[in-house]
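The structure under discussion appears below in the form of structure tokens.
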């Protein structure tokens with residue numbers, strides 16, 4: 001393996017693009033890179049780089065893309081990254097970063113992609129991230145993040161299309177403000193400690209295609225006859241393709257309104273809940289459904305003949 005020790009790089013003051021991704025480089029990222037003051041894109045993804053992110057990288061004022069994913073980098077995320085005001089993509093995923101997400105990152109008003117997934121980041125999701133109003137995608141999955149999902153994310157990030165937060169330690173309720181994210185196509189809050197009712201207001205997300213809430217405690221504190229009543233609201237989401245609500249403590253009956261869910265729906269998972277009653281005949285209206293999981297519940301009665309209308313049955 002080659003050490004990333006190239007002191008001459010810092011002398012390339014006119015260098016605008018540097019891509020050394022997908023190699024076997026090891027060692028630390030040289031601070032001398034700060035000499036490349038014209039640098040717009042720095043891609044060091046998929047190497048064996050170690051050590052911390054050098055403070056000097058924050059001096060690269062023209063940088064629009066910083067890719068350090070899939071390395072062996074450690075330490076805390078430097079708050080000085082907030083000095084990279086031209087940054088549109090910040091990709092630091094699949095490393096060994098620890099500590100909290102710096103709220104100073106909220107200063108990156110041009111940021112469109114924020115990839116911090118598969119690290120060891122802890123503490124709350126900073127509400128200041130909502131100041132990055134150009135964000136289209138946030139991936140925080142598989143960290144140790146805790147606390148509640150900030151209300152501000154739904155109030156300000158009107159350009160957000162994909163939000164990945166699964167496999168953390170997030171608690172509290174699903175913010176109703178998320179229903180304001182009119183461009184959202186994917187929302188994954190699975191494998192957390194979320195509780196309370198699923199907001200029916202999510203039915204306002206007309207662009208939503210994928211909704212994953214599995215492995216939370218969302219059915220535990222609901223009122224009324226069924227904690228699945230939000231499914232009726234989701235019939236307004238006409239392009240839904242995948243719904244995953246397994247292991248959420250949902251209880252009560254499956255509403256017959258599920259027959260009005262998107263005709264594009266091909267994956268629907270309700271397994272391992274406390275659902276009672278019968279399978280509604282209206283399930284047969286979901287003609288493109290290929291995967292339907294309802295095991296480990298308390299369903300009773302007959303299997304509706306309409307099941308034969310499903311894509312999974314037509315082969």
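Here are some notes:
- Gyration tensor (alpha-carbon) shape descriptor, the stretch 1-151, a/c threshold 1.5: oblate
- Projected label distance in nm at residue 56 and residue 263, using a 7 Å step from Cα toward the beta-carbon: 6.1
- As a length-normalised measure over Cα pairs under 8 Å and 6 or more apart, the relative contact order of the chain settles at 8 percent.
- Sequence of 85, 294, 165, 118 once ranked by neighbouring C-beta atoms within 10 Å, starting from the fewest: 85, 294, 118, 165
- Rounded if a/c under 1.5, otherwise prolate or oblate - the stretch 115-252, Cα gyration tensor axes: oblate
- Here residue 17 and residue 98 are evaluated by their C-beta separation; at R0 = 30 Å the FRET efficiency comes out at 0.45.
- Taking each DSSP H run with n ≥ 4 as -39500 (n - 2.57) and averaging over every residue of the chain yields -1000 deg cm²/dmol at 222 nm.
- FRET efficiency estimate (nearest 0.05) - Cβ-Cβ, residue 276 to residue 86, R0 45 angstrom: 0.20
- Ordering 144, 42, 113 from the fewest to the most neighbouring beta carbons within 10 Å gives 144, 113, 42.
- Between the stretch 34-75 and the stretch 136-207, the Cα center-to-center distance that results, in Å: 29
- When each of 72, 251 is scored by the number of other beta-carbon atoms lying within 10 Å, the sequence from fewest to most is 72, 251.
- Of [x] 30, 46, 21, 2; [y] 31, 57, 12, 0; [z] 27, 44, 25, 5, 0, the label for P(r) over Cα pairs in 20 Å bins from 0, in percent derived from the coordinates: [x]
- FRET E, pair residue 32, residue 136, Förster distance 22 Å, beta-carbon r, rounded to 0.05: 0.10
- Overall form of the stretch 217-315 per C-alpha gyration tensor (a/c, 1.5; a/b vs b/c): prolate
- The distance between label points at residue 41 and residue 148 comes to 4.1 nm (points 7 Å beyond Cα on the Cα→Cβ vector).
We did not get these values from a lab; they are worked out from the coordinates using the rules stated. Predicted model, so just to flag it, every value in this text is computed and none were measured. Glycine gets a Cβ as well: all are built from the backbone with ideal geometry, and neighbour counts include every protein chain shown.
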